[in-house]
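Working notes, structure below.
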Amino acid sequence: MTAVVVIGAGFAGLWAALGAARRLDELGVPAGTVGITVLSAQPFHDIRVRNYEAELSDCRIPLADLLDPVGVAHVATEVTAIDPGARSVATSGGAVFGYDRLVLASGSHVLKPDIPGLREYGFDVDTHDGALALQRHLGKLVGSAPTPGAASVVVVGAGLTGVEAACELPKRLRALFSRGTATPRVILIDRNPAVGSDMGPSARPVIEEALSRNGVETRTAVGVTEVTERGVSLSSGERLEAATVVWCAGMRASSLTEQLPVPRDRLGRVQVDDYLRVVGVPSVFAAGDVAAARMDDEHLSVMSCQHGRPMGRYAGYNVISDLLGEPMLALRIPWYVTVLDLGPAGAVYTEGWDRVVVSTGAAAKATKQTINTRRIYPPLTRDRAELLAAAAPELQARP
Ligand SMILES: Cc1cc2nc3c(=O)[nH]c(=O)nc-3n(C[C@H](O)[C@H](O)[C@H](O)COP(=O)(O)OP(=O)(O)OC[C@H]3O[C@@H](n4cnc5c(N)ncnc54)[C@H](O)[C@@H]3O)c2cc1C
């Protein structure tokens, strides 16, 4: 049987696998001719963008519910090596999977630099497991003897993830520590001179106002020099007492990109063409945070589920088309939006690459909730036809 292997089951990998199954179905390829196998570290599709939220029970979907109905095999395993010459991938368990076509969709991870104590005491909201570890840690603090900073959280990195995490935390801490004497405090730190610098001049005042309304303190133009169980030291000399540090600064593509013999950009991504083929590596496609794709004549893809999902769908369509000598589809996305959750202060919705604010407050929050709870979810019905239909290589309209 001809083998298509997809590495990863996030926003790009899941949709690549479903998109490939849909294309096989569309072309009427008899069962047993082409096998699609997803190799993913966890047997789940995680709704990673929601990891900053307090309630995570709806954020992890068993792959069996999504892939079994469409006949896609899945193996929970960590891929450790790719051999593009031999067309095979190796896993930590020692198994080797040969492929005729490969889709690399192993995503990205938050970069934790070599700061003393960070790896030991720092939490993150990068993965479902990371977000659960933070949840458990906060729960333990509530039940422990009060210490200075027990209800204080330092969030490091005032980019999109850091702002969303910081805005959500005050309400969460107030609920957790409602019976004790510790006063909840959230401090957002960034090396840049302003918070939300990624969001541009139009959205920044909205973010600043929301942080202030949520009671989040900020420290800008400072770095973290040490993390301990009880707090952080800053490059300014200030020491903040906080039993919890959440690291949200910096993203890097999965190190599996280093297995391909091609250059990578500053985020560790490999270049792909309009069909999601890795430039310079035959038979290998890439989608999502591992890939830099042209979205229009000026802009490359951003590490985002906004881009990862369509990249996955098109990679799935194209990997089968390429394998079977059928026409492929070029991916270009003519619009770009950002919807940033600002906790109880609402959200901010921007349009365009200059990120011009279109709506704020409750209106933007309603859009964010639609995205986070409906728009980015696959069908949860285990219905083959619905799953295949959802994987069509079509661009969604703006939210
Ligand atoms: C808290 C948070 C909020 C965010 N908010 C937004 C937002 O509002 N809007 C937006 O567009 N984006 C947002 N993002 C970014 C978005 O989550 C990512 O860009 C998106 O998840 C990328 O999709 P992906 O499929 O490339 O990678 P991922 O979703 O990270 O999936 C990677 C997959 O690969 C698997 N994997 C990794 N390494 C291996 C290996 N070695 N072997 C086997 N499997 C492996 C993982 O288990 C996973 O299944 C947010 C991210 C975070 C952390």
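The values are calculated or read from the model by the stated rules, or taken from the named source; none is laboratory data. These figures come from a predicted structure and were not determined experimentally. Cβ: placed from backbone, ideal geometry, glycine included. Neighbour counts: every protein chain shown. SASA here: full protein model, heavy atoms, side chains in, ligands and nucleic acids out. Shrake-Rupley method; radii C 1.70, N 1.55, O 1.52, S 1.80 Å.
Once a ≥ b ≥ c are taken as the square roots of the eigenvalues of the Cα gyration tensor of the chain, is the result rounded (a/c under 1.5), prolate (a/b larger than b/c) or oblate (a/b not larger than b/c)?
Numbers: a/c = 1.91, a/b = 1.74, b/c = 1.10.
Taking the square roots of the gyration eigenvalues as a ≥ b ≥ c, the chain is prolate.
In a Debye calculation with equal point scatterers on the alpha-carbon sites of the range 46-112 and no solvent, what is log10 I(q)/I(0) at q = 0.23, 0.28 Å⁻¹?
Log-scaled intensity ratios, in q order: -1.15, -1.23.
Which is farthest toward the positive dipole end of the chain among V110, C305, N51, measuring Cα position about the Cα centre, with Cβ charges +1 (Lys, Arg) and -1 (Asp, Glu)?
It is N51.
Under unit Cβ charges (Lys, Arg +1; Asp, Glu -1), what dipole magnitude, rounded to 20 debye, does the chain have relative to its Cα centre?
On the way: 39 positive and 43 negative charges, 154 e Å.
It comes to approximately 740 debye.
Want the number for A389 to E209: 0.36 nm per residue separation, take away the alpha-carbon distance, what's left? Before the final figure, lay out each step's value.
Values: separation 180, 0.36 × 180 = 64.80 nm, distance 4.18 nm.
Stretched out fully, the A389 to E209 stretch lengthens by 60.6 nm.
Rolling a 1.4 Å sphere over the protein heavy atoms, what is the accessible area per residue of the chain, to the nearest Å²?
Details: 16620 Å² over 399 residues.
Accessible surface, normalised per residue, equals 42 Å².
I need the shape label for the range 271-399. Rule: rounded when a/c is under 1.5, else prolate if a/b > b/c, else oblate, with a, b, c from the alpha carbon gyration tensor. Please list the in-between numbers first.
Working: a/c = 2.77, a/b = 1.53, b/c = 1.80.
It is oblate, given that a/c is not under 1.5 and a/b is not larger than b/c.
Carbon and sulfur together cover what percent of the accessible area of the range 270-399 at a 1.4 Å probe radius? Walk me through the numbers before you get to the answer.
Values: 2640 of 5200 Å².
Here carbon and sulfur together make up 51 percent of the probe-accessible area.
For D100, what accessible area in Å² do you get when you roll a 1.4 Å probe over the heavy atoms of the protein chains, rounding to the nearest 10?
50
For n ≥ 4 DSSP H runs only, could you compute -39500 (n - 2.57) per run for the chain, divide by its residues and tell me the 222 nm figure to the nearest 500?
Numbers: 9 runs with 109 residues, N = 399.
Rounded to the nearest 500, it is -8500 deg cm²/dmol.
Using a basic spin-label model with each label point 7 Å from the Cα along Cα→Cβ, how many nm lie between T220 and Q369?
3.0
For R172, R382, R332, R375, give the ranking by accessible area with the largest first, probe 1.4 Å. Can you show the working numbers first?
Details: R172 30, R382 120, R332 85, R375 55 Å².
So, going from the largest accessible area down, we get R382, R332, R375, R172.
Quick one: work out the % antiparallel among DSSP beta bridges in the chain, nearest 5. Kindly include the intermediate steps, with their values, before the conclusion.
On the way: 34 of 69 bridges.
Counting only bridges with both partners in the chain, antiparallel ones make up about 50 percent.
Which listed residue (A253, G180, A76) has the Cα farthest towards the positive end of the charge dipole for the chain, taking +1 on Lys and Arg C-beta and -1 on Asp and Glu C-beta about the Cα centre?
G180
Keeping the other protein chains in place, figure out the carbon and sulfur percent of the accessible area of the range 51-102, with a 1.4 Å probe. Don't skip to the end; give the middle numbers.
Numbers: 1060 of 2220 Å².
C and S fraction of accessible area: 48 percent.
Probe radius 1.4 Å, ligands and nucleic acids left out: which of M199, M251 has the largest accessible area, and how do the rest follow? Write out the running numbers ahead of the final one.
On the way: M199 0, M251 70 Å².
Descending order: M251, M199.
Using heavy-atom solvent-accessible surface (probe 1.4 Å) with all chains present, what is the largest-first order of K368, K171, K140, K112?
Working: K368 20, K171 125, K140 150, K112 45 Å².
Of K368, K171, K140, K112, the descending order of accessible area is K140, K171, K112, K368.
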